[in-house]
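Below: the structure, in structure tokens.
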Amino acid sequence: MFFVQKSPRQTKKAVSRRAKPAFRSHLAFRSHLAFRSHLAFRSRRRGAALVEFALVAVLFCALLLGMLQFGIYLSVTNALWNLSREGARVAAVQTTSTANADQAIIDHIKRIAPPTIDTKTVNTPSSPMQISITPTNQSARTAGTPVKVEITYDMRTKLLVPNFKIQLLNGEVVTTGFLGSNYTTSTTMMVEAN
């Protein structure tokens with residue numbers, strides 16, 4: 001066999017006349033396919049991550065809102081317990097036997113109440129706070145007898161998420177919410193000697 005050597009100029013022309021392949025080698029083609037499948041995988045992963053975030057964010061926000069609501073509930077109940085204790089202490093050591101002794105106890109409770117407790121109006125039908133003192137008569141409070149101060153507070157004024165009424169298919173009405181509407185606390189102390 002006889003080989004004829006072609007000049008470099010003839011070789012370039014021969015190559016340029018042929019159709020150029022899209023990829024120079026088989027490995028380049030495989031890497032291109034891998035990159036495209038990687039992009040498709042990333043877009044699918046991005047969509048899955050968005051769905052996962054939406055599910056977790058809803059649960060996280062509900063948990064956060066529940067913790068905030070429960071913290072407010074504990075703060076208000078602690079303040080009401082302290083107010084009833086202070087009112088019972090004033091009633092136990094009160095030495096004056098005036099007709100307005102109960103009003104003096106209520107005024108003391110209103111004066112020391114924290115700003116989170118609404119005490120503008122007390123013992124009216126529209127007020128959130130009701131205070132009762134037993135026995136109601138100051139002359140019945142003698143040394144050694146118990147005096148009880150009871151505070152009822154409408155917790156609906158402190159709810160971040162209100163209670164809802166839902167009517168079931170069988171006609172029954174269910175109220176949602178875990179706090180209820182009223183919180184009642186009372187303190188009983190023995191009246192000290194006058």
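Only the coordinates and a few stated rules stand behind these numbers; no lab work does. Keep in mind it's a predicted model, so treat the numbers as computed, not measured. Because the Cβ atoms are built from the backbone with ideal geometry, glycine has one as well, and the counts that use them run over all protein chains shown.
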Inter-label distance, nm, simple model (7 Å from Cα along the C-beta direction), CYS61/THR121: 3.6
Table column - 3J(HN,Hα) (Hz), the stretch 107-114, Karplus curve with 6.51, -1.76, 1.60, x for Gly and Pro: 5, 5, 4, 5, 5, 8, 5, x
Residue-wise HN-Hα coupling along the stretch 146-153, computed from phi with Karplus coefficients 6.51, -1.76, 1.60 (Hz; x: Gly, Pro): x, 10, 10, 10, 10, 10, 10, 10
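Trypsin sites (Lys or Arg not before Pro), restricted to the stretch 44-147: which are DSSP loop and have at most 14 other Cβ atoms within 10 Å? Walk me through the numbers before you get to the answer.
Details: sites: ARG44, ARG45, ARG46, ARG85, ARG89, LYS110, ARG111, LYS120, ARG141; in loops: LYS120, ARG141.
Loop-located and lightly packed - LYS120.
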Sequence-distant residues sharing a close amide H with THR119 (under 5 Å, placed H): none
In Hz, Karplus ³J(HN,Hα) per residue of the stretch 126-131 (6.51, -1.76, 1.60; θ = phi - 60°; x = Gly, Pro): 8, 7, x, 10, 10, 10
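Evaluate the charge dipole of the stretch 62-142 about its Cα centre and quote only its size in Debye, nearest 20, assuming +1 on the Cβ of each Lys and Arg and -1 on the Cβ of each Asp and Glu.
Details: 6 positive and 4 negative charges, 21 e Å.
Approximately 100 debye in magnitude.
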